[in-house]
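The values are calculated or read from the model by the stated rules, or taken from the named source; none is laboratory data. On a predicted model such as this, the values are computed, not experimentally measured, just so you know. Here the Cβ positions follow ideal geometry from the backbone for every residue, glycine too, while neighbour counts run over all protein chains shown. Please note that ligands, DNA and RNA were not included when accessible areas were found on the heavy atoms of the full protein model with its side chains. Shrake-Rupley method; radii C 1.70, N 1.55, O 1.52, S 1.80 Å.
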Amino acid sequence: MSKLRRDHKLLITIIKKGKAKKVMKAAKTAGSEGGTILFGAGRGIHEKKKVFGIDALYEKELVLNLIPEDILPNVLNAVLTEAKLYEKGKGLGFIIDIKKTIGIAHMDYEEVVKEDIEEMTDDIKHKGFDLIITIVNKGDAGKVIDASNRGGAEGGTVINGRGSGIHEKAKLFSIAIEPEKDVVLTLIKKSFTKEVLKAIEEDVQINQPGKGISFVLPVEQTIGIHHLMKEAP
């Protein structure tokens, strides 16, 4: 019997500082196996633009949940309710389509892969860019960047966050601990995407339980990389 084929979506929720933990819990209760919390700053339409004449930025938390499409409505409804996103000034969320994932070693289903890299023509392979997002345990970002460089990437950007996966059950005094994470962003020419993913699989052993996850997003437009733009229309 053939495996069930499932498509993945990335749900990104941006809320005020201190709300992410409850959003993560709601998503996991609805079926999400885990997620990552990132810290940032910003300003919404309902927040003051200036405080004492100084441009104001407010601390924010970003929750990233990679979710199979068939349970997305349940997770989305749970997050919407918990974060009260239907009310003004509470935050926002959006969904991004995922081309491919690696590192979900426990999944018992076959993933739907868009624009399968093996089946793409040489002309399509060499056009444009992909963004590879790799989430690993804190301290492993260097391994990801080194592997990416070996696969053809020129570098990477590391963001610190926290999160929990299906294999992480640590507690302290009966309080769940969310391990610190490194999030590595790698902008790569499509012609190198397959090789970079292969290098990450080999060097970081990301397909082993608890090692992390990596997924690919299509990039529609880039700026500031003039030397690469000449090579990749």
For the range 81-98, which residues satisfy the criterion of being farther than 19 Å from THR29 by Cα and of a type in the set (Lys, Arg)? LYS88, LYS90
Which ones in the range 178-197 are closer than 30 Å to LYS22 by Cβ, open to solvent by less than 40 Å² (accessible area, probe 1.4 Å) and not in a loop (DSSP other than H, G, I, E, B)? LYS181, ASP182, VAL183, VAL184
Within the range 198-218, restricting to residues that are under 17 Å from the mean Cα position of the chain (by Cα) and among the small types (Gly, Ala, Ser), the one that is least open to solvent (accessible area, probe 1.4 Å) is SER214
How many residues are free of Cβ contacts under 8 Å to residues at least 60 places away in the same chain and under 12 Å from GLY103 (Cβ atoms) when one looks only at the range 189-209? 1
When only residues in the range 7-31 that are modelled with pLDDT under 90 and surrounded by 19 or more Cβ atoms within 10 Å (Cβ to Cβ) count, which is farthest from PHE94 (Cα to Cα)? HIS8
How many residues are in a loop (DSSP other than H, G, I, E, B), modelled with pLDDT of 85 or more and on the phi < 0 side of the Ramachandran plot when one looks only at the range 95-139? 1
Taking the range 42-94 and keeping only residues that are open to solvent by less than 90 Å² (accessible area, probe 1.4 Å), in a loop (DSSP other than H, G, I, E, B) and touching a Phe, Trp or Tyr at 6+ places or on another chain (Cβ under 7 Å), one is left with GLU47
